[in-house]
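Worksheet: one structure, shown below.
The values are calculated or read from the model by the stated rules, or taken from the named source; none is laboratory data. On a predicted model such as this, the values are computed, not experimentally measured, just so you know. Don't worry about glycine lacking a Cβ; one is built from the backbone with ideal geometry, like all the others, and counts go over all protein chains shown. To get the accessible areas, we keep the full protein, side chains included, count just its heavy atoms, and leave off ligands, DNA and RNA. Shrake-Rupley method; radii C 1.70, N 1.55, O 1.52, S 1.80 Å.
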Amino acid sequence: MPLFPNARPSVVFVFFALLLDVMSLGIIIPILPMLLTQMVSGDTAQAAYWYGLFALMWSVIQFFAAPFWGVLSDRFGRRPIILISCFGLAVDHVLTALAPSILLLLVARAFSALFSANFSAINAYASDISTPERRAKIYGIIGAAWGTGFVLGPALGGMLGNVDVRWPFWLAASLTFLNALYGLFILPESLKMENRRPFTWKRANPFGSLQLLRHHRPLWPLMSINALYFISHYALTSVFVLYTSYRYHWNAHQVGLALTYTGILNVLVQGVLVSRIVKKLGEIKSLTIGLCAASIGFFLFASASTPTMFYVGMTVFSLIGLTTPALQSLMTQTVGPQDQGALQGTSGSVNAMCGFFAPVIFTTLFGHSLNVLPGAPYYVSAFLCLVGIVIAWRIAPQKIA
């Protein structure tokens, strides 16, 4: 009897698990700075200091937690790890809502970073339940969940935050708890017993997990593209508000509209176009199209003299949504089913490492080039995507399979 006679409930859970996780995180994005400012009696400079500390702590914990959860799921299966992290997140959001001081809020956010690193187990689950032919489609659905969550989350958080700054955390806790209950009763296990591997700390720590690259050489170019993609993408998130406020004098409402537009495009690309394009063109060509769109989009961002041209850039840039599903599909084909969790953990660690330095580099570059070339961070990102294209075209499909 097949392990998944009908994979639809599993696919639905993967979508909603990520959707609700990302929504719960997105709900908090516009609220956490407000809560910190409230806790330091309205001192904006102090709030900015604490917010930076929170962001750094988040990246460090994710760096260590992603491979831990991934390798743990290779040993005990995906289901228990996903459920533990979902219930843990629900409890953590409650603690965040009740935190009476910044130090306790810091502890709560540390646990949130730990449990939200469950994407390594969820991505491994997605790989388990899909065939190589359908893998890009599944990862497209995952991308659509991320896009939808980041459209709905901040909007809900902003509305509730206007009533009470702690209400969004209660909503995040409720959504995550409902998702955990859904998984408890619906989610089947995806990893067969014969494909499980013993847990070792060597594989579970981020430095040891990178050994996976040494044993699977085809992963090197793919992980390099992954790193270039994430570094370049940080230019968008790090200086977007600063850049558009400086160049186009956008206010918070206009920035919100632009982010909503970006999120809607992302959902359309990853939820509708990915499976069709990858099926017709294959992963390598789809990956290349995504990186080309990103490079052109970044160039348009940097050179757009009007908001209309910037929106044109966002429209072109949306095809970057092809990149992650195609790349994930290629990477999962380089390792066996017993190493899918370790692979996702390694990928998560690499992404977290990018998060250590990329935002600082791009914000510093923006500050130094402000009066000469304010679009400099986006020009650099366009170049990084071009490097990714060169690497992609050097990869022969037969070397990946």
Candidates L291, L228, L287, L259, filtered to the one that is open to solvent by 50 Å² or more (accessible area, probe 1.4 Å) and in a helix (DSSP H, G or I): L259
Residue within segment 263-271 that is open to solvent by less than 20 Å² (accessible area, probe 1.4 Å), under 21 Å from V390 (Cα atoms) and either touching a residue at least 60 places away in the same chain (Cβ under 8 Å) or not in a helix (DSSP H, G or I) (or both) present: no
Those residues of segment 54-80 which are open to solvent by less than 10 Å² (accessible area, probe 1.4 Å), aliphatic (A, V, I, L, M) and either more than 15 Å from the chain's Cα centre (by Cα) or closer than 16 Å to S127 by Cβ (or both), in sequence order: A66, V71
Residue list for segment 335-351, filter: crowded, with 24+ Cβ neighbours inside 10 Å and under 15 Å from the mean Cα position of the chain (by Cα): Q344, G345, T346, S347, G348, S349
Matching residues in segment 73-104 - criterion: being assigned to a helix (DSSP H, G or I), closer than 23 Å to V14 by Cα and of a type outside the set (A, V, I, L, M, F, W, C): S73, D74, R75, R78, R79, P80, S85, G88, D92, H93
Residue list for segment 320-334, restricted to those being closer than 10 Å to N226 by Cα and open to solvent by 10 Å² or more (accessible area, probe 1.4 Å): T324, Q328
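Yes/no per residue for (1) open to solvent by 10 Å² or more (accessible area, probe 1.4 Å); (2) in contact with a helix residue (DSSP H, G or I) (Cβ under 6 Å, 6 or more places away or on another chain):
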{"residue": "F301", "(1), (2)": "no, yes"}
{"residue": "P307", "(1), (2)": "yes, yes"}
{"residue": "F310", "(1), (2)": "no, no"}
{"residue": "M353", "(1), (2)": "yes, no"}
{"residue": "F356", "(1), (2)": "yes, yes"}
{"residue": "T363", "(1), (2)": "yes, yes"}
{"residue": "H368", "(1), (2)": "yes, no"}
{"residue": "L386", "(1), (2)": "yes, yes"}
In segment 241-266, the residues that are modelled with pLDDT of 80 or more and not polar (S, T, N, Q): Y243, Y246, R247, Y248, H249, W250, A258, Y261, I264, L265
In segment 122-134, residue surrounded by the most Cβ atoms within 10 Å (Cβ to Cβ) [restricted to those that are more than 17 Å from R78 (Cα to Cα) and among the charged types (D, E, K, R)]: R134
Filter result (modelled with pLDDT under 80 and out of contact with any Asp or Glu (no Cβ under 9 Å at 6 or more places or on another chain)) within segment 106-127: A117, S120, N123, A126, S127
Residue match in segment 385-398 (condition: in a helix (DSSP H, G or I) and over 16 Å from W220 (Cα atoms)): yes
Whichever residue in segment 231-253 is in a loop (DSSP other than H, G, I, E, B) and free of Cβ contacts under 8 Å to residues at least 12 places away in the same chain and, among such residues, is least open to solvent (accessible area, probe 1.4 Å): N251
